[in-house]
Amino acid sequence: MYELKTLLPEYDIQLPTCMYPMKVLNNSVASEVIKADACSGFYNGNGNPLATSAVNCLGPKKNVCALDLDNLSAQIQNLLKSSNDVDSVCARQEKVLKQLQDLKQQMANIRASLGLCQKGPQHTGQTSLRNGGLREEPLHDIVINGHPNFVPYALLALKNAWKNLFTIDVRTFKHSTMPDIGKDASEFEKKLSQVKIDPSKPKVKVSLIWKNCEHTEMISSPTMYVPIYGEVNIIRYLGRVGPEEYRYEDLPNCNEIDAVLDICYQLLRCNTTKSRASMLRALNLRLGKQKYFGGDKITIADVGVHSSLKRLPAITSKDLTPTLTEWQKRVQLVTQL
Amino acid sequence: MVADKENVATGAVEGETTSKKAAKKQAKEALKAAKKAEIKAANSANNAEEGGDSVDVSAGRYGSAGLIQSKEKFEDRKFVSVSELSQPAYRDQLVWVRGRVHTSRSKGKQCFLVLRQQSSTVQCILAVGDRISKQMVKFSGNVSRESIIDVQAKVVSVPNKIESCTEQTIELCIEQLFVVSQAKPQLPLQIEDASRAENPDDADSLNIRVNQDTRLDNRVLDLRTPANQAIFRLEAGVCRLFRDILTAKGFTEIHTPKIISAASEGGANVFTVSYFKDSAYLAQSPQLYKQMAIAADFDKVYTVGAVFRAEDSNTHRHLTEFVGLDLEMAFKYHYHEVLHTIADTFTGIFKGLRDTYSTEIAAVNQQFKVEPFKFLEPPLILEFAEGVQMLREAGVETGDEEDLSTPNEKLLGRLVKAKYDTDFYVLDKFPLAIRPFYTMPDPNNPMYSNSYDMFMRGEEILSGAQRIHDPDFLLERAKHHAIDTSKIAAYIESFRFGCPPHAGGGIGMERVVMLYLGLDNIRKTSMFPRDPKRLTP
């Protein structure tokens, strides 16, 4: 061991006479003090155990250094003596606890009278480490309009992939412009409803509306945000609000992931076999020898590609390269489309 | 009979002038030969005029049918409805058609009539020929609008579409024409004006409108417009679908009294009628009787009947008498069983209308341009708190326990439409404070209640709730609302003999039709509307 350097040199501190002790904020203690010092208009800091210690530390009479262990123990002894006994500390602690309890009760009452959920803040309101500890806004319920011919398989894929992380609570509706949704969409609906919902996980409520619309579009709040068009962009949105494991914007390869998603977007708009094949070649190139499109870990890029391929029945296993087929098997285990 | 006289008179005049004009006529005839051949199609044009003017060749083939007193049966006359005329089976056939003269236009030797049958119209043509005399053409041109006529005619296909009629591919070449019922020559309103499309954007179009009050004063004429024909056929459809769907769901139709001894929903807004030496009230709603039917083990009931509200409100959506479609249903454990039943009934009605009344909807749309009604299946159910949240996001200050004001209600409708693209939605869990005393409070949060409203195009159409079926609790709630319990003693007593938990709601049929079609006034969907200012017709 070695000796610690004294941080504060021992010299007299002259308290200026123009200073006066701070008012004690804690009312109950203050009122006690007032009772004790009822005779004087200004109450003296020495009446308060806490203030006493503070004053003692700095007091010119004591000439002690806070870091001097011997002195410190002596000071604690002193303090204990001067603050009467342990009982008062205990009483004080009790009081503080009681106040806390009162405060809690008060909060609960306010919450009840406001008609809020009794369970306290929602999961979506949790602070996140990833965005610098900022409080996240509760998520809006979102509406996704989809045409039954262009089933947004990504929803199911994400729902399955996030089974243990995040809940996507999907309700499906048929719009009046779409009397019959067909086999694929009904199958998709059934599969969606089979995924169990874990209430303990953070969640986002999605209303999927089968509608006679041109694009798959997402509306979160008509007054605050413009709609988001295209399935890959909805994947991006969900990737941003979903579980941390799938947020990709801070990853070194985020550009890569974006590029893959953009290829998916184009792939879905390909009309000819030729253009589709070239898109597949591009995907194959991007995948290379990696396990997934984003590297070793599955990312939303994989979800995007997988659900896009699922949506194009024209692409059979024959069109896929061996690497893509292998990859598809791996992803299928997670997404279970 | 008037027509007959006229016929004789004109015949005499024609006879005198024949000789003078004969030569002139012939000269003219030669010039027009080519043109006539085109127009008269089947007729041999050249020799038609020569003999035609002296003797009425069409005598007996036109005129008044006289008062039809069921003297003759004319079983050989095969009548065809206008809407079926374009079927290929009738092409070039002689058919009988009875309809109204929609418009008539005669010019010289031709007469064009547009014959109307409800919403369908067809063009008829009469041209002087070997079987059609000038007198007949003249007579036909003078038949006043809206008169009912019987015609025998040949169905002929036309090369160019007739834009002004619903049957655009064919026209009728009239062979015989009889007036069945003559209309007054002066009409208080023209059907054409009454059925003119309302498009405020188009400044060029003719801007002659018929005032709403004029329409209602002459409702019989007004109802003949295609839009009105369609509206009331669709209204019948709403009623029929309501009955069919609920019957299929195991409901029983009941009929409740309309003259009652005490006001059912509070004391205000009730009509008093004298009842022998006493006075009675007109039912404001079948509420009490529906609930009594539930207590009497009918399980699921509905009723269709008149409901009276003595509210002196002259708005676009209030009537003092309207048709109430009410239902009440016992449930097992959760009032959502009922909520879903009602919401599904609505969806069923909308689907039925969409699928089987598309022509009516199109006919109404022709005159009143509105967006088609959109809905979701299953229906969208939001909680009141969610609705309030949406309103706040849009910048509207509204309290948690505050009822939706009419502008807020409309705004919320627009917000829901923007987000979910549906014109129909359900708002669940209303604050207890703004609901009647018999509403069951929410077990989880005393601020809310087990009550719901349903909205179409942002306007409330149904308000319902789980009712308290426990007499003591009901008494307690009534006291809380400072209601004189002696006045509702009978109501409370009816729960003393055991009553299953139940919920229900009531709809105004006129309002549903108005909002489904997107019309701007409820008087358009009530055949003979009753409001504070109108008791006739």
Task: Summed buried accessible area for B+A [probe radius 1.4 Å, Å², rounded to 100] - done: 1800 Å²
Task: Cα centroid separation - region B:383-401 against region B:246-314, whole Å - done: 34 Å
- [ ] May I ask you to find the residues of region B:417-455 that are shielded by at least 40 Å² of accessible area once the whole protein assembly is considered instead of their isolated chain (probe 1.4 Å)?
- [x] B:K419, B:Y420, B:D421
Task: Table column - 3J(HN,Hα) (Hz), region B:392-401, Karplus curve with 6.51, -1.76, 1.60, x for Gly and Pro - done: 5, 4, 7, x, 9, 7, 8, x, 5, 9
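Over the whole of A:142-150, what's the average partner chain Cβ count within 10 Å per residue? Rounded to a whole number, please.
Per-residue shielding by partner chains comes out at 1.
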Task: Inter-site label distance for B:H318 and A:E94 at 7 Å from Cα along Cβ, in nm - done: 6.5 nm
TODO: Step through the table entries A:K159/A:K201; B:K71/B:K154; A:K23/A:K104; A:K163/A:K297; A:K274/A:K318, compare each Cα-Cα distance with 21 Å, and write down the pairs that go over it.
DONE: B:K71/B:K154; A:K23/A:K104
Task: Long pairs among A:K190/B:K374; B:K249/B:K369; A:K190/A:K211, criterion Cα-Cα beyond 26 Å - done: B:K249/B:K369
Task: Rough spin-label spacing in nm, given labels placed 7 Å along Cα→Cβ, for A:N253 and A:M1 - done: 5.4 nm
- [ ] Any chance you could run the full-extension gain for B:K78 through B:F497? It's 0.36 nm times the residue separation minus the Cα-Cα distance, nm to one decimal.
- [x] 144.5 nm
- [ ] Would you please give the FRET efficiency between A:R281 and B:K410, computed as 1/(1 + (r/R0)^6) with r the Cβ-Cβ distance and R0 = 45 Å, to the nearest 0.05?
- [x] 0.25
Open item on the list: Give me the extension gain from B:S181 to B:S358: residue separation times 0.36 nm, minus the current Cα-Cα distance, reported in nm with one decimal.
Closed with: 60.5 nm
- [ ] State in Å² the accessible area per residue of region B:269-414; use a 1.4 Å probe, count heavy atoms of protein chains only, and round to the nearest integer.
- [x] 46 Å²
Task: Sequence of B:D428, A:D180, A:D319 from largest to smallest accessible area, 1.4 Å probe - done: A:D180, A:D319, B:D428
TODO: Return the aspartates and glutamates within reach of B:K290: Cα separation strictly under 12 angstrom, same-chain partners fewer than 8 residues apart disregarded; answer none if there are no such residues.
DONE: B:E253, B:D299, B:D326, B:E328
Task: Sequence-separation-based contact order of chain B, relative, with Cα cut under 8 Å and 6+ spacing, percent - done: 11 percent
Open item on the list: Rounded to the nearest 5, what % of DSSP beta bridges with both residues in region B:373-507 are antiparallel?
Closed with: 85 percent
Task: Residue (of A:V232, A:M218, A:Y248) at the positive-pole extreme of region A:214-264, dipole from beta-carbon charges - done: A:M218
- [ ] Starting at the first residue of region A:209-220, write each ³J(HN,Hα) from the Karplus equation 6.51 cos²θ - 1.76 cosθ + 1.60 with θ = phi - 60°, in whole Hz, x for Gly and Pro.
- [x] 10, 6, 8, 7, 10, 6, 10, 6, 10, 10, 10, 9
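Output the peptides A:235-244, A:300-309 sorted from most to least packed, where packing is the average of other Cβ atoms within 10 Å over each peptide's residues.
Going from most to least packed, we get A:300-309, A:235-244.
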Open item on the list: Taking beta carbons within 10 Å but only from partner chains, what does the mean come to for residues A:214-224?
Closed with: 3
Task: Theoretical ellipticity at 222 nm over chain B - DSSP helices of four or more residues, -39500 (n - 2.57) apiece, nearest 500 - done: -10500 deg cm²/dmol
TODO: Report the label-to-label distance for A:I13 and A:T177 in nanometres (one decimal), using points 7 Å from each Cα along the Cα→Cβ vector.
DONE: 7.5 nm
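The values are calculated or read from the model by the stated rules, or taken from the named source; none is laboratory data. These numbers come from a predicted model, not from an experiment. So basically every Cβ, Gly included, is an ideal-geometry build from the backbone, and we count neighbours across all protein chains shown. Heads up: the accessible areas ignore ligands, DNA and RNA and are worked out on the full protein's heavy atoms, side chains in. Shrake-Rupley method; radii C 1.70, N 1.55, O 1.52, S 1.80 Å.
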